[in-house]
Amino acid sequence: MSTDLNGLPSRRLRRKDIISLTELLPYILIGGISTLIDWATFSTLVSFFQVHYEIALVMGYGFGGIFHYLSNKFITFKSRTKKIGSQLSLYFLVGVSSLFMSMGALAILVSFFGIQKVIARVMTTGLMILPNYLMHKHISFSKKIFAQPET
């Protein structure tokens, strides 16, 4: 084992600590389904009900987010924490952070680059995949924050 400058054991950061393919692949699949829920809501509200695109974005995020949380909790990250309130709070904070980043990206693509709203929404979703995975892995479903109960 290597040591740091103070002679203490150091822990080398491994790729699996940052990104795990056994988590990333189900995360992408679940994210795809969540995205379909999100996009369908967004497109329907914008196209058929003339709802402002940012309000439609929030509503799409909400419906997709419910599916996303439950599926990732039990399938991707296999979280068995009993601290549901704390976990939901962190999930919500990560989701709101992601939403604000998406809103900013969407507004820039629509307002400054003149990209069609639905196409800009697709682009924004692609831009947010990796940051969302990393935030959920290391915050919302963190095994360090939410110690898993013995099974």
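Values computed for the structure shown
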{"item": "Cβ-Cβ under 6 Å pairs, at least 6 apart or on other chains, segment 7-36 side over 23 Å from residue 121 (Cβ atoms), far side modelled with pLDDT of 70 or more and aliphatic (A, V, I, L, M)", "result": "26/75"}
{"item": "Residues located in segment 92-135, provided they are among the β-branched types (Val, Ile, Thr), without any contact (Cβ under 8 Å) to a residue 24 or more places away in the chain and over 17 Å from residue 35 (Cα atoms)", "result": "108, 115"}
{"item": "Boolean, residue 31 is in a helix (DSSP H, G or I), of a type in the set (Gly, Ala, Ser) and either touching a Cys at 6+ places or on another chain (Cβ under 7 Å) or surrounded by 19 or more Cβ atoms within 10 Å (Cβ to Cβ) (or both)", "result": "yes"}
{"item": "Answer residue from segment 74-88, given it is in a helix (DSSP H, G or I) and among the hydroxyl-bearing types (Ser, Thr, Tyr) and is farthest from residue 58 (Cα to Cα) among those", "result": "76"}
{"item": "Number of positions in segment 75-84 that are surrounded by fewer than 13 Cβ atoms within 10 Å (Cβ to Cβ) and more than 18 Å from the chain's Cα centre (by Cα)", "result": "2"}
{"item": "The one condition in (1) modelled with pLDDT of 95 or more; (2) over 20 Å from residue 31 (Cβ atoms); (3) touching a helix residue (DSSP H, G or I) at 6+ places or on another chain (Cβ under 7 Å) that residue 113 fails to fulfil", "result": "(3)"}
{"item": "Qualifying position, being at pLDDT below 90, of a type outside the set (Lys, Arg) and either assigned to a loop (DSSP other than H, G, I, E, B) or surrounded by 13 or more Cβ atoms within 10 Å (Cβ to Cβ) (or both), among 69, 61, 91", "result": "61"}
{"item": "Filter pass, residue 126 being farther than 17 Å from residue 58 by Cβ and either modelled with pLDDT under 90 or in contact with a His (Cβ under 8 Å, 6 or more places away or on another chain) (or both)", "result": "yes"}
{"item": "Yes/no for residue 41 being buried (at least 16 other Cβ atoms within 10 Å of the Cβ), of a type in the set (S, T, N, Q) and within 14 Å of the chain's Cα centre (by Cα)", "result": "no"}
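The values are calculated or read from the model by the stated rules, or taken from the named source; none is laboratory data. All of these numbers come straight from a predicted model, not from anything done at the bench. Virtual Cβ from ideal backbone geometry, glycine too; neighbours counted across all protein chains shown.
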